[in-house]
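Structure first, commentary second.
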Amino acid sequence: MKKIGYLILAINILSCSGAGGGVARTSSLDISYAPKRVERVIEERKIEERKEKKEKNEVHFFEIEGKDNKNIRLIVSQLNDKLRRDFWKYDSLNETHAKLVLDSFLSNGKNGINNDDIQFHHSEGEYNGIINISHGIRRGSNLYLGDYLNPESEHNPKSLLSKNKPYISVKSSENNQLRIKSLGNSGENQWTSAYLQAIYQVLDSETQKEVRNNIIYVGNKSRKDINTNYKAMLLRSFVVFEDGNISGKTGSSFSAPRVTRLAYEIKKRYPFLRYNQIKQVILTTAKNNGSLDNKYGWGDVDFEKALKGPGAFNLGLVEEEKYYNSTKDKIKDEYGNYYMYVNIPSGTYTWSNDIEGGLKEKNKADEYVKVGKYNYRIPGILNSEHNYYNPANFRKDGKGTLILTGKQNYTSKTQILDGVLNLQNDSKSKYEILNGSKLLIDKKDVNISNDVLNDKSVLEVRKKLKVNNYYASANSKTIISDDIQTNSYVQKGELVVQNDGKQDLPKITGNKKLEMDENSLKNTFLRVEKVSDTVYQIKDKKVKLKDLSDGELKDIPSYNMNTKKFFDEYKDTEVLRNVRNDTEAYALERIFTDNYSSFISENIDIQNEIINNNISEYENVMPNSVFFNTYNSFNLNDGKKYTLFNRRVSGATIGIKKKVFKDFNMGLSLGMHNSNYNFFEKNKNNIQNDAISVNLTGDYTYKNIYLLSNLGYSKSKNKATRYINDGSVEINSKFNTNTFNLDLKAGYVLGLTENLSIIPSLALRYMNTSIGHVKESATDTLMQGILLELRNNTINSWYLSPSLNLVYKNNKLTFINRIGYTRNLSEDIQLNARMANTDFKLVGKNPNKNIFEYKGMIRYMMNNNFTLASSLSINSASKIGTSITLSYIF
């Protein structure tokens, strides 16, 4: 009788346990309020992103020590040895409990296992990760439930905790474990016993929440023992069932490792989920009737559904994360609202389940359950369980992308704090797009039966969107490819249209007067037509160059009759729909870029500089020498014609000069040079050039007459990057250029004194430059229509260059001063271009027609073998060149 009386007392305590968890207060946001209200609410939602260490996906298996302790240690040692080598080659082990548990884990799952993730232990320990516990003894209830409690907590019944070891409670404030425990199969000393129920029932509601936050108990329906009634009972809020069997044996010992394997797979598929959130996924995707069941808890585990993400944002489960230091400020706002918070630092992940809110059937009657010879009264709902029947909110953080393909049936709030949330199905949630993040409507038409708030962020609509109310603050961006239908529409930021030419241009329809500035549309060649107060239609703006003023035309560096012909002949403006710039003239300047023609022009000038430097260095090294030369060139000032243009050149040349016979020398040199071209505009465009060149040079002296010839070839690899749409779209291309040059030079050496001479000379150069096929590419498929293609471009150039050298020699030093003039005899550069199946010409910066240059050199004879020379040149195009040459006389 005494024993029965104790159990009745325990059940009475259970029926009135704890203070209620309740439902957190929710705040609502009227979409049509003043901007100050919007800014205040947004400020309250801001969260500082926490950089979290990437966790390993570790799984630990515990086997309890018993009478046969030595044998268990041997089995564990053998298992770990096999785990490190090959999972499937340990048949020599007996059909022990430990082996069957591991077999159950390995037999469930198709994605493979990283052997290093799995460890077996012969006793309990302080490990992080997913922990499988498939054994149970009477004291085990204290070990895995009671020991988790903090003995110093004012909530804990110290009389029950006096014998508990506190080592687990040290880590109770960090979300670093998920314990998956078998519910047990047999008798009074197992997990369905009155002993365990008695411990749990006397805890207050807060402590009940805390002790269960990282535990899942797993039962087995198919195992039938005579003395056991398989029920979750009071542990229902952290119990699921799975019919585990292995080698003809069944039991919860083999159900638990199957759920452990599921947790492992979820962590592998969604590495950003914390351990408590893995528990949330498993519980919210289990099959149930909408409430916590006294027999089966959350119900039967659904492996397929759990691998598709959460099935609900459940307030009771989310609330359990409040005990962890790292998530306290992430999961709760100052209004008391709880959020499932995920931080996806990079990559793209998909949740494909329909996502619900709380459990459905809250008002349950008490139930009387007979276990053995005792009757238990199970309350329909514990105070600690109320929040399971309410929805939580959702927060998405991190630079990565989360795709939601199922229906979002929760009516609570969704906040996007960073990165992209891609919504591909209907939703009942209220959306707040914050901190520069993006909500993307894609793949199918979407109906949001709630409000969307866009604060200084981005809403991108690629498919039709129906939304209750939409509010976009100043400095926000609304990008639309398809129609928006709304009750009320307030847009204070930018509007951008993206159109692939296959869709009709979008329209915005409201039940109330639309509030937007028609000038907020950033597409240069589109316009907003106000059909009525509640309907705005996007229309094409027909543009031809003849419609632009002379002042606008002169700002287009590539404007000519061929460009005008492009617009006259190409009637379809679809190719221009996605262009965004401040003015039409500036947009045309970006489309018909002068970058390529300016680059070729400047590259020809640079080739001239490099060739001049190579010939000059060849002339000034002694016969029978090998030499190494470095050359650097840069702008003294930014260019002012057309675009502000700058470039720098650096490279080196190695060569040999050999005396063939009296008064005749020949030389061979190989050079490598890198050029970087920056077009300083509103958006910085750039072309990088890497060139390799070879030159064959010969010179002959007859009395005072000096003759020289040079034949050269240069091959360049070029990488061009330019930007349109205010820098948001990057366009790239790679192409080659090949240059052949032939130089003829004649001079006369006039000695003024023993040390001083003057050398007047005249040089003629022919240069042939061929430009390889240029085909631009862009990651933005909507901009394909304005990409350029250049082909069949060859440029022939002629140069005539008189010069005067003044040479002074004094012992080991030689000083050379050169004054020269170069006249470009060639035509201006025009490149054959094609865009949108229309041919036209591109022009840009023309090569310099007249160049005056001064060059000073000093050469020092270090000894009989080594000579060091340095030079500095400056020309009328404000370019400076520096050169250093080291030569060895053999």
The listed residue being assigned by TED's automatic domain parsing to the domain that holds Ser601 and surrounded by fewer than 19 Cβ atoms within 10 Å (Cβ to Cβ), out of Ser716, Ser693, Ser728: Ser728
Helices (runs of 4 or more DSSP H) lying entirely in the range 286-354 (those with 3 or more residues that are out of contact with any Phe, Trp or Tyr (no Cβ under 6 Å at 6 or more places or on another chain)): 303-306
Contacts under 8 angstrom Cβ, first residue in the range 487-507 being assigned by TED's automatic domain parsing to the domain that holds Ser476 and at positive phi, partner not in a loop (DSSP other than H, G, I, E, B) and not basic (Lys, Arg), 6 or more apart: Gly501/Glu574; Gly501/Val575; Gly501/Gly785
Residue in the range 313-321 that is farther than 17 Å from Asn213 by Cβ and under 29 Å from the mean Cα position of the chain (by Cα) present: no
Failed item in (1) assigned to a loop (DSSP other than H, G, I, E, B); (2) in contact with a helix residue (DSSP H, G or I) (Cβ under 8 Å, 6 or more places away or on another chain); (3) more than 23 Å from Ser728 (Cα to Cα), with Thr411 passing the rest: (2)
The listed residue being within 24 Å of Asn624 (Cα to Cα) and charged (D, E, K, R), out of Lys849, Lys812, Lys841: Lys812
Selection status of Tyr431, over 25 Å from Gln537 (Cβ atoms), aromatic (Phe, Trp, Tyr) and touching a Ser or Thr at 6+ places or on another chain (Cβ under 6 Å): yes
From the options Asn689, Asn718, Asn674, Asn725, residue that is free of Cβ contacts under 8 Å to residues at least 40 places away in the same chain and either over 30 Å from Tyr748 (Cβ atoms) or polar (S, T, N, Q) (or both): Asn674
Within the range 532-544, tally of residues that are part of a strand (DSSP E or B) and among the hydroxyl-bearing types (Ser, Thr, Tyr): 2
Selection within the range 771-799 - aliphatic (A, V, I, L, M) and over 20 Å from Val843 (Cα atoms): Ala778, Leu782, Met783
Pick from the range 416-430, criterion outside any loop (DSSP other than H, G, I, E, B) and of a type in the set (A, V, I, L, M, F, W, C), ranking: nearest to Tyr339 (Cα to Cα): Ile416
Residue ranges of strands (runs of 3 or more DSSP E) in the range 455-531 with at least 1 members farther than 18 Å from Leu434 by Cα: 465-472, 477-480, 484-491, 494-497, 507-510
Only listed residue being buried (at least 21 other Cβ atoms within 10 Å of the Cβ), in the same structural domain as Asp366 (by TED's automatic domain parsing), closer than 30 Å to Glu367 by Cα and basic (Lys, Arg), chosen from Lys287, Lys279: Lys279
Boolean, Thr779 is surrounded by fewer than 13 Cβ atoms within 10 Å (Cβ to Cβ) and touching a residue at least 40 places away in the same chain (Cβ under 8 Å): yes
Lys332 vs. criteria in contact with a strand residue (DSSP E or B) (Cβ under 8 Å, 6 or more places away or on another chain), at pLDDT below 95 and closer than 25 Å to Lys428 by Cβ: yes
Output for the range 309-344, where each listed residue is surrounded by fewer than 19 Cβ atoms within 10 Å (Cβ to Cβ) and among the charged types (D, E, K, R): Lys322, Lys328, Asp329, Glu334
Residue that is nearest to Asn613 (Cα to Cα) [pool: residues in the range 682-721 that are of a type outside the set (Lys, Arg) and out of contact with any strand residue (DSSP E or B) (no Cβ under 7 Å at 6 or more places or on another chain)]: Thr701
The listed residue being loosely packed, with under 15 Cβ neighbours inside 10 Å and modelled with pLDDT of 90 or more, out of Glu529, Glu518: Glu529
Qualifying positions in the range 394-432 - closer than 20 Å to Gly316 by Cα and under 18 Å from the mean Cα position of the chain (by Cα): Lys396
Residues within the range 317-331 that are in contact (Cβ under 8 Å) with a residue 40 or more places away in the chain and either in contact with a Leu (Cβ under 8 Å, 6 or more places away or on another chain) or of a type in the set (D, E, K, R) (or both), tallied: 6
Test: residue in the range 783-790 that is hydrophobic (A, V, I, L, M, F, W, C), in contact with a Phe, Trp or Tyr (Cβ under 7 Å, 6 or more places away or on another chain) and part of a strand (DSSP E or B): yes
Where a residue in the range 697-710 is over 24 Å from Asn741 (Cα atoms) and its partner, wherever it lies, is in a strand (DSSP E or B) and aromatic (Phe, Trp, Tyr), with Cβ under 6 Å and at least six apart: Asn704/Tyr748
Residue under evaluation Glu174, criteria (1) crowded, with 18+ Cβ neighbours inside 10 Å; (2) under 21 Å from Phe62 (Cβ atoms); (3) modelled with pLDDT of 75 or more, criterion not met: (1)
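A quick yes/no check of all residues on (1) under 30 Å from Thr593 (Cα atoms); (2) in a strand (DSSP E or B); (3) free of Cβ contacts under 8 Å to residues at least 12 places away in the same chain:
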residue	(1), (2), (3)
Asn736	yes, yes, no
Thr739	yes, yes, no
Leu742	no, yes, no
Gly747	no, yes, no
Glu754	no, no, yes
Ser770	yes, yes, no
Trp798	yes, yes, no
Leu806	no, yes, no
Thr822	yes, yes, no
Positions within the range 326-338 being within 13 Å of Asn276 (Cα to Cα) and among the polar types (S, T, N, Q), in sequence order: Ser326, Thr327
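The values are calculated or read from the model by the stated rules, or taken from the named source; none is laboratory data. Treat the numbers as computed from the prediction; the structure is a model and nothing was measured. So basically every Cβ, Gly included, is an ideal-geometry build from the backbone, and we count neighbours across all protein chains shown.
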